[in-house]
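Take a look at the structure below.
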Amino acid sequence: MRAKEGTFRDLMTQDRQFQVPLYQRHYRWKTGQQEDLWQDIAEQYRALADGSAIPKHFIGSIVAVEKDADPLHDFREFRVVDGQQRLTTLSVALAALRDVAALDDPDQFDRLNKKYLINDTEPKGSAKWARLVPGDEDAAPYWTVLTDPLNVSGHSAIVNAYRFFHRKISALREAGELAPERLATTIGDRLALVFVTVSEGERPHKIFESINATGVGLTQSDLLRNYLFMALGPRSNTVYTQHWRPLEKALGVEGLEGLVRDDLQSTGEFIKQGDVYRAARGRLEPSAADLDFLEDHVKRLARRGAYYSLFLQPADPSSTASDLGLSKKALRHLAFLRSWGAGTTYPLLLHIYSEKDAGRVASGQAESCLEAIESFIVRRYVVDVPTNVLNRLFIAVIGNLPPGEPIDVALRRELSRDKRWPDDDRVRDGIATVHYYSNGRPHQQRLVLQRLESHLRAEVDLDFDSAKLSIEHVMPQTLSDGWKKQLTDAGHDPREVFERLGHTLGNLTLTAWNSKLSNQLFERKQEILQDSDLKLNEQLAAATQWGVDEIQKRSQVLADAAIELWSAPVPGVVTARSGFDWTRVDEAVSALPAGSWTSYGDLAELAGTAAQPTANHIAHDPAVTNAYRVLSSDGSISFKFQWHDPADIRDPMEILIGEGIEFDDNDKASQAQRLGPPELEALLDNVPGEVQ
């Protein structure tokens with residue numbers, strides 16, 4: 001690695017070209033960042049005019065990999081690793097200066113072009129003509145800025161940047177303050193940077209990760225994308241074009257960020273948002289030199305992305321749904337989960353459909369899983385169970401699904417543990433007593449009523465979006481004198497009745513005439529509701545009055561429908577702790593001698609379970625001793641390792657080194673000191689009775 005301080009002009013000399021790889025993130029600078037840079041340029045510009053001696057403004061670093069040089073030519077090509085946002089912005093700013101300056105002096109166009117933007121020894125339009133070659137979607141707008149500025153159009157980020165600097169420089173010209181050569185000198189010579197060149201053998205992605213220069217913050221998927229495609233080397237453009245770019249276009253930035261995290265969590269391990277890249281790299285690093293492995297990983301992620309796009313946009317049963325073999329019933333469940341905002345289910349859904357792709361889960365089983373998940377969520381909702389645990393709960397369930405057992409059967413059992421899935425009695429009680437109208441979010445309240453309406457209509461489709469229905473209180477929230485008299489005449493305290501029953505499901509319905517109904521007496525509401533086509537309103541239209549008995553009876557009817565629609569849990573399921581005997585794992589970990597280590601997978605094989613539930617058990621059971629001697633299969637300490645005592649701040653690596661474990665430069669323990677399942681078996685056989 002070589003680092004040298006210089007300026008933009010030093011960097012963009014004749015016979016050089018900086019190429020932004022296709023897989024690098026697109027140009028993203030917005031007006032705020034461009035304004036900050038312009039203020040720095042303006043300060044240096046004024047100082048040059050005044051003859052003031054101020055330091056150059058440091059704008060950050062440019063990191064690039066130099067391609068193998070052609071011994072017969074002096075032309076040098078660089079692949080940009082980091083800093084393309086700055087390179088692109090400064091090049092666009094100089095193009096804008098070129099065009100404004102040429103209005104008064106046409107020679108400025110060629111002069112500034114040759115000095116900063118093009119290699120004039122190369123034929124115009126040839127591969128080596130431009131000194132900067134942006135990647136992917138930025139290439140076309142930049143080429144227009146460079147070669148045909150009068151026809152710049154559209155609203156790409158590069159075009160917007162060009163217009164920004166064109167306005168700023170034009171304002172200087174109109175004020176009589178533009179000195180083109182001085183402004184070019186300001187941009188070219190007064191903005192300092194550090195130019196870092198690395199070779200392929202120096203693992204440029206490591207340098208990319210460590211850079212903390214000013215610019216647009218990197219997302220976790222940015223880091224993963226750069227890691228993958230830097231490692232893919234000669235295959236990067238093909239794999240990016242065929243698999244990653246379509247994935248990115250289908251999901252967008254936020255969707256891709258969600259996929260990357262949920263893909264990791266689909267193995268049953270909770271990953272914090274800020275740890276996504278670290279976790280992904282940890283899984284890929286052992287095979288990072290295997291290009292086939294990396295390419296297959298991108299293909300697999302793209303396949304999962306096709307499912308993920310349906311999680312995010314399932315309302316459109318496109319050809320993608322058909323290609324993936326998803327039925328109308330499956331799409332309906334996915335549409336419900338998306339409308340509900342059930343993003344916490346996505347890791348579990350990815351796991352289910354990954355198993356389906358692998359041929360281990362039939363389509364009918366996957367549909368059964370979707371029905372179970374929807375029922376689990378809605379039943380908890382109508383009885384007002386807090387939702388803050390669902391994220392970790394669904395992820396933990398993945399790790400407890402035994403291989404070989406029908407996945408829908410296992411999922412229903414795991415969700416039923418510890419009465420997490422409300423049974424029929426709890427649903428009846430919840431619908432009768434829970435203040436539904438103040439529970440959850442308005443769109444969730446409507447969704448439950450809409451699904452009940454569809455169920456009562458025997459699944460006859462109704463376009464709820466076009467109907468624009470809202471929730472109406474039959475007994476209104478503000479009781480008129482007429483309503484109060486009606487309740488008082490029936491022997492009830494109006495205030496007590498409404499506080500107890502007014503917001504329960506039995507007193508709520510859907511209607512398109514909310515404003516008409518408002519605080520009307522029941523007789524008038526009934527006249528209006530008689531014209532309704534909704535099954536939810538048939539009982540209301542047929543009632544002769546509306547009070548305590550009617551609300552309670554309607555609650556029973558809706559509870560019957562809900563119980564029929566959303567299936568019940570598996571009764572009598574024991575807790576997860578009682579469901580598996582961890583004795584052999586506990587004994588093996590306790591028996592590990594100093595100077596040795598084992599992995600979660602080794603212990604899982606010993607005990608006849610999977611690695612993830614084994615890791616979960618070790619992490620959460622304080623009775624397990626020597627847990628720090630259990631590492632990932634590649635010998636690295638799990639980044640999620642924590643001592644059971646929060647006050648314990650010891651470094652597990654230092655302890656292991658002190659016990660004689662050898663670590664390499666990548667912080668991975670020696671495989672020669674690893675005890676696999678046979679050695680663990682022998683270890684237990686040699687320690688009869690109480691483990692020492």
Filter segment 385-423 down to the residues that are surrounded by 15 or more Cβ atoms within 10 Å (Cβ to Cβ) and acidic (Asp, Glu), then identify the one that is nearest to His473 (Cα to Cα). Asp423
When you go through Ala588, Ala647, Ala627 one by one, which is the residue that is buried (at least 18 other Cβ atoms within 10 Å of the Cβ) and free of Cβ contacts under 8 Å to residues at least 40 places away in the same chain? Ala627
Which of the residues that make up segment 138-186 are of a type in the set (Ser, Thr, Tyr) and in a helix (DSSP H, G or I)? Tyr142, Thr144, Thr147, Tyr162, Ser170, Thr185, Thr186
Among what's in segment 463-503 and is surrounded by 15 or more Cβ atoms within 10 Å (Cβ to Cβ), in a loop (DSSP other than H, G, I, E, B) and under 40 Å from the mean Cα position of the chain (by Cα), pick the residue that is modelled with the lowest pLDDT. Leu469
Within segment 661-675, can one find any residue that is touching a Leu at 6+ places or on another chain (Cβ under 8 Å) and at pLDDT below 90? no
Look through segment 448-462, keep the residues that are charged (D, E, K, R) and modelled with pLDDT under 85, and return whichever of them is surrounded by the most Cβ atoms within 10 Å (Cβ to Cβ). Arg457
Just one listed residue, out of Gly32, Gly6, Gly60, is out of contact with any helix residue (DSSP H, G or I) (no Cβ under 8 Å at 6 or more places or on another chain), modelled with pLDDT under 95 and part of a strand (DSSP E or B), and it is Gly6
Any idea how many residues of segment 140-163 are hydrophobic (A, V, I, L, M, F, W, C) and more than 32 Å from the chain's Cα centre (by Cα)? 5
Any residue at all in segment 90-101 that's of a type in the set (Ser, Thr, Tyr), closer than 30 Å to Lys249 by Cα, crowded, with 19+ Cβ neighbours inside 10 Å and in contact with a helix residue (DSSP H, G or I) (Cβ under 9 Å, 6 or more places away or on another chain)? yes
Only one residue in Asp148, Asp104, Asp99 is more than 22 Å from Phe78 (Cβ to Cβ) and without any contact (Cβ under 8 Å) to a residue 60 or more places away in the chain. Which one? Asp148
Scan segment 604-615 for residues that are of a type in the set (S, T, N, Q) and at pLDDT below 85 and report the count. 2
For segment 164-199, give me the residue count where each residue is free of Cβ contacts under 8 Å to residues at least 60 places away in the same chain and of a type in the set (D, E, K, R). 4
Failed condition for Gln24, given (1) part of a loop (DSSP other than H, G, I, E, B); (2) surrounded by fewer than 19 Cβ atoms within 10 Å (Cβ to Cβ): (2)
Quick one: is Val448 more than 28 Å from Arg332 (Cα to Cα) and not aromatic (Phe, Trp, Tyr)? no
Looking at (1) at pLDDT 95 or above; (2) over 17 Å from Gln108 (Cβ atoms), which is the one condition that is false for Asn151? (1)
Only one residue in Ser599, Ser590, Ser633 is in contact with a helix residue (DSSP H, G or I) (Cβ under 6 Å, 6 or more places away or on another chain), polar (S, T, N, Q) and farther than 21 Å from Gly404 by Cβ. Which one? Ser633
Being under 38 Å from the mean Cα position of the chain (by Cα), crowded, with 16+ Cβ neighbours inside 10 Å and assigned by TED's automatic domain parsing to the domain that holds Thr7 narrows it down to one of Gln108, Gln84, so name that one. Gln84
Answer from Ala175, Ala213 - the residue that is among the hydrophobic types (A, V, I, L, M, F, W, C) and modelled with pLDDT of 90 or more: Ala175
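The values are calculated or read from the model by the stated rules, or taken from the named source; none is laboratory data. This is a predicted model, so every value here is computed, not measured. Methodologically, a virtual Cβ is constructed for each residue, glycine included, from the backbone with ideal geometry; neighbour enumeration extends over all protein chains shown.
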